[in-house]
1. Rounded to the nearest 500, what is the chain's calculated 222 nm mean residue ellipticity when only DSSP H runs of at least 4 contribute -39500 (n - 2.57) each, over all residues?
2. For segment 195-265, just run the numbers: alpha carbon Rg, then divide by 2.2 N^0.38 Å, N being how many residues it has.
3. Could you list log10 I(q)/I(0) for the chain at q = 0.09 Å⁻¹, which the Debye formula gives when each Cα is one point scatterer?
4. On a 0 to 90° scale, report how tilted helix 25-63 is relative to the longest principal axis of the chain, with both axes built from alpha carbons and the result rounded to the nearest 10.
5. Once the Cβ-Cβ distance between residue 279 and residue 340 is put in as r, and R0 is 22 Å, what FRET efficiency do you end up with, to the nearest 0.05?
6. Hey, could you grab the Kirkwood Rh for segment 101-180? Inverse mean 1/r over distinct alpha carbon pairs, Å, one decimal.
7. Just grab the label-to-label distance for residue 156 and residue 123, each label 7 Å out from Cα along the Cβ direction, in nm (one decimal).
8. Roughly what would the spin-label model give for residue 223 and residue 62, points 7 Å off Cα along C-beta, in nm?
Ligand SMILES: Nc1ncnc2c1ncn2[C@@H]1O[C@H](COP(=O)(O)OP(=O)(O)OP(=O)(O)O)[C@@H](O)[C@H]1O
Ligand SMILES: [Mg+2]
């Protein structure tokens, strides 16, 4: 059987039969030259391949560092299923990487009670199209839960398929700290209410009583001494008037400090009476309206918060609004309570006031905002010069 010699050059492969005549000297030299050229090219390609390999290794290490070891969990979802997850996501969820090869639904890792938060964000993502963020609890493989901040964005993968990318980070420590601050604020508020009650008792039982005694004594002097100098009588009468004004102010302060009527009548009736009395005392007619509140069972702390918010809103109307009427609207609209405090007075520049309040030591609106934060609510103030003010507060139940 005759063998074959393969001669490979850059342009062609030549098969040469052994039986063929030997190559001429010239042809041999040409083939050898071509072979050398080919060898050199192969060596160059080899070096390039090795360099490409090194680059690939570096890129892979970088990808591992950036993607897998990122300080946040990172998942790619297709139709709600996890098609890719980085190492941090697996670690945070106490799962192995292989657990994701079965493409589990992402919702499986979200605590049942918090799934509505996740689906709401997905819905908003579909309608608004913008990146969505929320805070919820996820569950590890061992069924323990932890708090995360979750960000979701809709995008396309390398093949143009619509996917969602989810980034999440553990915020349990912050949440625990928030809860501690919240509990502390609640106890602080309770202590403050107790303190206010004691001050109110002291004002009413001691200071107001002493002032009354002082007024009686004062009245006696100019009533019982007939031959009193007219200018002295005038001064004593003026003093009596001043003492009376002070008694009224002290009594009213003591009354306000106590959350009038709350213990005896409950929140709604107490607020109704409070508004009626404020309307009688001042120049503003306060109209209190409520709806849907009977179905809501509020604890005492929440009642105190609502009462104090309304008190400060009303005090501001009396002090600053120059309004002849105002409305307090309390709506039970599950899962929230909505409170509107509205006047038709002179209004004010809310932004400018915010900047000023720290310097001028004005505490009312800042205190309201802090109170609202304490109960995880939100507050918005709309006000325009000469068009009145509306404070809207949303309190989650
Ligand atoms: N209903 C309102 N109408 C008009 N201006 C208002 C009204 N509520 C607040 N303001 C303006 O906002 C400012 C800040 O109110 P805030 O309650 O913080 O402080 P304050 O009432 O002046 O003092 P404090 O409440 O500390 O005794 C007021 O000084 C006033 O200029
Ligand atoms: Mg005020």
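1. -16500 deg cm²/dmol
2. 1.43
3. -0.82
4. 20 degrees
5. So the FRET efficiency works out to roughly 0.80.
6. Roughly 13.7 Å, rounded to one decimal.
7. Those two pseudo-labels are separated by 2.9 nm.
8. My value for the distance between the label points is 9.6 nm.
Any read-out appearing in this document is the output of simple, stated calculations on the displayed coordinates, not a laboratory observation. Computed from a prediction, not measured in an experiment: that's the story for all the values here. Positions of Cβ are generated from backbone atoms using ideal geometry, with glycine treated the same way; all protein chains shown enter the neighbour counts.
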